[in-house]
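A.B. asks: For reference, the structure I am asking about is given below.
The values are calculated or read from the model by the stated rules, or taken from the named source; none is laboratory data. Everything quoted here is computed from the prediction, not taken from an experiment. Here the Cβ positions follow ideal geometry from the backbone for every residue, glycine too, while neighbour counts run over all protein chains shown. Protein only, heavy atoms only, side chains kept; ligands, DNA and RNA dropped before computing areas. Shrake-Rupley method; radii C 1.70, N 1.55, O 1.52, S 1.80 Å.
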Amino acid sequence: MIPMEALQECVGEKLPLDERGGRMSVEVDLLLQEAKESIEAAQNYRSELQQRLNGLNQARKQVRGSSGQAREALRRHFTELQAAAGRLLTERLATLLAEVDAIEADSVKPLDDCQSLIEHGVGQANELLKEGEAALRCGLGEKEDKLGSFTKKAMHIHLDSLPEVPALVDVPCVSAQLDDSLLGVLRDRVSRLGSVSAHPPVQIDELQERPGSVLARWCKVDEDFAAADYRLQYRRSGSGGGQFEDAYIGRDCEFLVLHIDPHTDYQFRVCARGEGRTEWSPWSIPQTGYTTLAPHEWCPGTEGYILSSRKNIALRSDSSQARYPILYSNAPTYFCGQTLTFKISAAGQVDRRDSVGVCVDSRKGAESLQRDQAVCISTNGAVFVNGKEMTNQLPAVTVGSAVTFDMEVVNLSPVSNNNLSEGGNFKLRVTIGSGNREVVFDWLVDQAVDCLFFGCSFVHSGWKVLVF
């Protein structure tokens with residue numbers, strides 16, 4: 001039997017082994033965790049590298065594809081140019097040869113006529129010579145008669161009359177005049193014909209979503225290129241997108257493309273035309289843009305107004321004698337930080353209550369937008385804030401006028417970022433632009449708002465306004 005002291009001694013010697021085992025288990029767990037993290041990092045690294053490989057493949061595809069298209073375009077253009085130049089030269093040669101033929105024919109005919117007359121005279125002279133020689137050789141009995149006949153014939157022929165032959169200076173000497181300088185001009189023009197560039201001179205710089213539209217901005221990437229005009233095109237993405245359509249041609253470097261369906265990808269591209277040139281530059285690389293914002297729409301069914309099919313154009317009609325001729329938006333779709341634009345395309349009789357603007361609500365019963373919780377501009381250019389007219393005034397609103405509203409939030413007291421409906425005094429900094437002028441002011445609203453209604457009010461018929 002083992003003594004208790006010896007057993008305790010043996011047990012005491014085993015405890016350090018268990019502690020080492022526990023430490024080893026922790027170390028193994030740490031190694032496993034590190035291994036898992038390394039594996040995850042390696043997977044992420046591989047995924048990033050795969051994405052970069054895909055990007056390289058797309059870049060290589062673009063380089064090779066565009067190079068092939070450029071070669072085909074060059075070959076096609078020069079082949080067509082060679083054929084056209086050959087055709088023009090052939091036609092010109094035929095014209096010149098026809099002129100030579102005409103001059104030759106007109107000049108040779110009188111010479112041929114003169115030759116025929118001379119040859120006829122030579123024949124008559126030969127016959128006369130033969131007859132005279134025969135008369136001299138005949139006997140005395142016949143000589144008198146033959147000599148008399150010969151003399152009469154000689155007098156009839158008029159031997160002293162000779163046809164006139166033109167001098168060489170009086171007949172055409174056909175020559176061809178060819179301008180050797182054409183080859184030099186042609187060589188100079190051909191040496192400057194066409195160009196090859198690695199990048200288009202302009203590129204799409206930004207595609208910014210707007211309600212029912214996309215604001216496209218572009219910029220020059222070739223500073224040596226002097227652009228006179230820009231041309232923006234767009235189309236739906238995908239196989240059913242169809243051909244690119246012109247959206248804008250002009251000198252500006254941005255344009256708002258309207259009638260964009262939300263949550264639908266569109267492709268945009270731009271090119272430029274140099275100063276004094278007629279041809280357009282190569283197109284930029286198409287960029288994809290879209291909008292998630294619903295388009296601005298007027299509220300349908302409002303008495304006294306007729307709307308377009310897209311509900312973004314309103315016409316004040318004369319079919320109703322509505323007492324409160326205010327037309328609001330279909331929903332509060334204007335968000336601070338955006339630009340809201342009213343474009344006047346037709347005008348009617350002016351009334352001091354006529355206005356376009358932005359409001360917190362779409363309350364019924366008001367005579368005009370010149371009321372509380374609204375900012376607006378009247379057709380005479382007066383600006384109203386919560387129903388009170390400001391001293392600052394903008395140009396009068398007429399056909400072709402574009403009135404813009406820009407707003408940004410300025411808090412007077414803290415408001416929860418998570419819940420704007422909690423209230424608190426709220427101040428909006430408003431910028432209204434019309435023509436080449438604008439006014440800036442602060443608008444105090446009763447409650448915090450993140451979206452606003454817009455509206456218009458016209459007393460008389462004939463006013464037509466587009467909102468975007």
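A.B. asks: Give the angle, between 0 and 90 degrees and rounded to the nearest 10, that separates the Cα long axis of helix 4-137 from the longest principal axis of the Cα atoms of the chain.
C.D. replies: With rounding to tens, the tilt is 20 degrees.
A.B. asks: Ok, one more. How much length is gained if the chain between Asp252 and Gln58 is pulled fully straight, taking 0.36 nm per residue apart and subtracting their Cα-Cα distance, in nm to one decimal?
C.D. replies: 66.7 nm
A.B. asks: Across 10 Å bins from the origin, how do the percents of Cα pairs in segment 326-468 run, short distances first?
C.D. replies: Over segment 326-468, the share of Cα pairs per 10 Å bin runs 12, 45, 33, 8, 1 percent.
A.B. asks: With a ≥ b ≥ c taken as the square roots of the eigenvalues of the C-alpha gyration tensor of segment 45-94, please select rounded if a/c is under 1.5 and otherwise prolate if a/b is larger than b/c or oblate if it is not?
C.D. replies: Since a/c reaches 1.5 and a/b is larger than b/c, the shape of segment 45-94 is classed as prolate.
A.B. asks: Let me ask another. Report the full-extension gain for the segment Ala294 to Glu275: residue separation times 0.36 nm, less the Cα-Cα distance, to one decimal in nm.
C.D. replies: Roughly 2.9 nm would be gained on extension.
A.B. asks: Tell me the mean residue ellipticity at 222 nm calculated for the chain from its helices only (DSSP H runs of n ≥ 4, each -39500 (n - 2.57), averaged over every residue, nearest 500). If you can, show how the numbers build up before the last one.
C.D. replies: On the way: 3 runs with 163 residues, N = 468.
It comes out at -13000 deg cm²/dmol, rounded to the nearest 500.
A.B. asks: Would you grab the residues whose amide H sits under 5 Å from the one on Val397? Only those 5+ places off in sequence or on another chain, please, with H modelled 1.01 Å from N.
C.D. replies: Asn380, Gly381
A.B. asks: Right, another one. Please list 373-385, 179-191 highest first by mean number of surrounding beta-carbon atoms within 10 Å per residue.
C.D. replies: Highest-to-lowest ranking by the protection proxy: 373-385, 179-191.
A.B. asks: Considering Cα pairs under 8 angstrom that are at least six residues apart, work out the relative contact order of segment 232-386 and quote it in whole percent. Could you put the intermediate results ahead of the total?
C.D. replies: On the way: 227 pairs, mean separation 20.3, N = 155.
That works out to 13 percent.
A.B. asks: Could you give the length gained on full extension between Val169 and Glu142, defined as 0.36 nm per residue of separation minus the Cα-Cα distance, in nm? Intermediate values should be presented prior to the final figure.
C.D. replies: Details: separation 27, 0.36 × 27 = 9.72 nm, distance 5.10 nm.
Result for the pair: 4.6 nm of gain on full extension.
A.B. asks: Rounded to the nearest Å, what's the spacing between the alpha carbon centres of segment 299-316 and segment 163-179? Just the number, please.
C.D. replies: Taking the Cα centre of segment 163-179 as reference, the centre of segment 299-316 is 85 Å away.
A.B. asks: How would segment 327-408 be classified by its alpha-carbon gyration tensor: rounded, prolate or oblate, with rounded meaning a/c under 1.5 and the a/b versus b/c comparison settling the rest?
C.D. replies: rounded
A.B. asks: So I have (i) 0.99; (ii) 1.47; (iii) 0.97, and one of them is Rg/Rh (Cα atoms, Kirkwood Rh) calculated from this model. Which one is it?
C.D. replies: Computed from these coordinates, Rg/Rh (Cα atoms, Kirkwood Rh) corresponds to label (ii).
A.B. asks: Karplus couplings for segment 355-361 from phi (6.51 cos²θ - 1.76 cosθ + 1.60, θ = phi - 60°), rounded to Hz, Gly and Pro as x?
C.D. replies: 7, 10, x, 10, 9, 6, 9
A.B. asks: Also, quick follow-up: Taking loop as defined by DSSP and a crowding limit of 15 other beta carbons within 10 Å, which GluC sites (Glu not before Pro) in segment 111-212 fit?
C.D. replies: Answer by residue number: Glu164.
A.B. asks: Right, another one. Whole angstrom only: what separates the Cα centroid of segment 88-110 from the Cα centroid of segment 379-408?
C.D. replies: Taking the Cα centre of segment 379-408 as reference, the centre of segment 88-110 is 76 Å away.
A.B. asks: Now for a different question. Carbon and sulfur atoms: what percent of the 1.4 Å accessible area of the chain do they account for?
C.D. replies: The value for the chain is 53 percent carbon and sulfur by accessible area.
A.B. asks: If you average the alpha carbon positions of segment 246-281 and of segment 31-74, how far apart do those two centres end up, in angstrom?
C.D. replies: So the separation of the two Cα centres works out to 31 Å.
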